[in-house]
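Report on the structure given below.
Computed from the coordinates by the stated procedures, all read-outs in this text should not be read as laboratory data. These figures come from a predicted structure and were not determined experimentally. Backbone-built Cβ (ideal geometry, glycine too); neighbour counts: all protein chains shown.
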Amino acid sequence: MKLALILPLALAAFIGAASAEEGDDIREASKAEAETFNARMYAGTPGDKAYACFVRRYDADHLARHPKQKVASMKLLISAELDKEDKELHNSFRLGFKYRHRSGDFDSSGSCNHAVFTKSGDEVRLGCGVDCEGGGIGVALSKDNKSAIVRLERVRVWQNNKPDDEAEHSLTAGADDKIFRLDRTDNSECASLVTDRKELAALRHK
């Protein structure tokens, strides 16, 4: 699917999720606002390629206090790459997680639109979507930029990197699986989400 089609779909998926969750209207950030958000996301002005890794492993105490939470751990890699044709910075995401009561590694990935603001203006997010009506996630940052706030209603996932119909599932928001706070960490922590050797090498050198 062409990028020109993916980005509007990602935005549409995010708008739907945001409306269902909070009833917020959103507006696209200006170029200056988007650049400010990217600098926050990537801990500095991104060049031709940039990465940001966020991880959370939920301990027994947290899971005991959230008995309905299905996710036991989660990794999020946000990537930016400068398109040589349109000279715009394009963001994408890779999500990896483990279920609490199911074995195996699950993952998802897709494209992200430019930064958007909630109606109240107090939060800026990336709206990220999976191709072909696969749902998506919203990604914001904590005020100190040390954590990513991930919101979801439904996102298509695959088990053990097998993108086929038999291995396809969806992670859907439940009582304790709508919002995840993940901590910023070294990019190497997200290396397991990258399958391309060249990109893996670039990630490890960032």
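Just a few scattered comments:
- Residue-by-residue Karplus 3J(HN,Hα) for the stretch 148-155, coefficients 6.51, -1.76, 1.60, Hz, glycine and proline x: 9, 9, 9, 10, 8, 10, 7, 9
- Cα gyration tensor shape for the stretch 51-179, rounded if a/c is under 1.5, else prolate or oblate: oblate
- Between His101 and Thr45, full extension at 0.36 nm per residue minus the direct alpha carbon distance yields a gain of 16.1 nm.
- Whole-Hz couplings from phi, Karplus 6.51/-1.76/1.60, listed for the stretch 47-61; x for Gly and Pro: x, 5, 8, 8, 9, 9, 10, 9, 9, 8, 10, 7, 7, 4, 5
- Distant-in-sequence amide H partners of Arg154 (H built 1.01 Å from N, under 5 Å): Gly136, Ala173
- Mean Cβ neighbour count within 10 Å, used as a protection proxy, ranking 107-116, 61-70 highest first: 107-116, 61-70
- Distance between the 7 Å Cα→Cβ label points at Leu82 and Ile179: 3.6 nm.
- Per-pair calculated FRET efficiency, R0 = 35 Å: Ser30 and Glu133 via Cβ, rounded to 0.05: 0.75
- Close amide H contacts of Glu123 (hydrogens built in the peptide plane, cut-off under 5 Å, sequence separation of 5 or more or a different chain): Thr118.
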